[in-house]
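The values are calculated or read from the model by the stated rules, or taken from the named source; none is laboratory data. Everything numeric in this text was worked out from a predicted model, so none of it was measured. Counting neighbours? That spans all protein chains shown, and the Cβs are built from the backbone with ideal geometry, glycine included.
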Amino acid sequence: MAILCGLFAVAGHMFTPYLHFKGGKGVATAGGVILALAWMPFVIAFAVWLAVFLSSRYVSLGSIAASAALPLSALLLKILRIQPKISWPIIIFFTLIGAASILKHKANIIRLKNGTELKFERKGE
């Protein structure tokens with residue numbers, strides 16, 4: 001039930017009917033759902049996001065990397081029995097959420113390839 005509720009929350013943010021099924025990328029909402037379901041993969045994915053963001057200054061690239069790291073970290077934590085309570089449905093859910101997030105970043109990926117994606121800059125830089 002928790003996975004289903006999380007799926008609907010994330011899908012509602014990504015494909016909201018009030019905006020003709022065009023919404024955001026669902027990263028923040030997915031983060032909350034992921035944190036509630038399994039905190040260790042969340043921490044790993046956040047660490048990946050932070051490392052990529054700090055080294056590249058691209059928020060979108062960090063989000064894409066974290067989306068890819070999430071299901072892999074959950075799977076690794078389960079296989080290594082570090083967090084054995086992570087179920088296969090959670091791993092599948094994390095894989096779907098990660099893939100959907102990466103797909104929603106399609107325009108960002110194109111801008112990254114073209115060198116036109118905006119970097120996060122501090123004032124005065």
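Looking only at region 107-120, which residues are assigned to a helix (DSSP H, G or I) and surrounded by 10 or more Cβ atoms within 10 Å (Cβ to Cβ)?
Those that are assigned to a helix (DSSP H, G or I) and surrounded by 10 or more Cβ atoms within 10 Å (Cβ to Cβ): Ala107, Asn108, Ile109, Ile110, Arg111, Leu112.
With the requirement that a residue be surrounded by fewer than 16 Cβ atoms within 10 Å (Cβ to Cβ) and of a type outside the set (Phe, Trp, Tyr), what does region 14-39 give you?
Of everything in region 14-39, those that are surrounded by fewer than 16 Cβ atoms within 10 Å (Cβ to Cβ) and of a type outside the set (Phe, Trp, Tyr) turn out to be Thr16, Pro17, Leu19, His20, Lys22, Gly24, Ala28, Gly32, Leu35, Ala36.
Could you please let me know if Lys85 is part of a helix (DSSP H, G or I), touching a Lys or Arg at 6+ places or on another chain (Cβ under 9 Å) and closer than 16 Å to Ala38 by Cβ?
Here the answer is no, as Lys85 does not meet what is asked.
Would you check if there is a residue in region 88-102 being modelled with pLDDT of 95 or more, aliphatic (A, V, I, L, M), over 10 Å from the mean Cα position of the chain (by Cα) and crowded, with 17+ Cβ neighbours inside 10 Å?
yes
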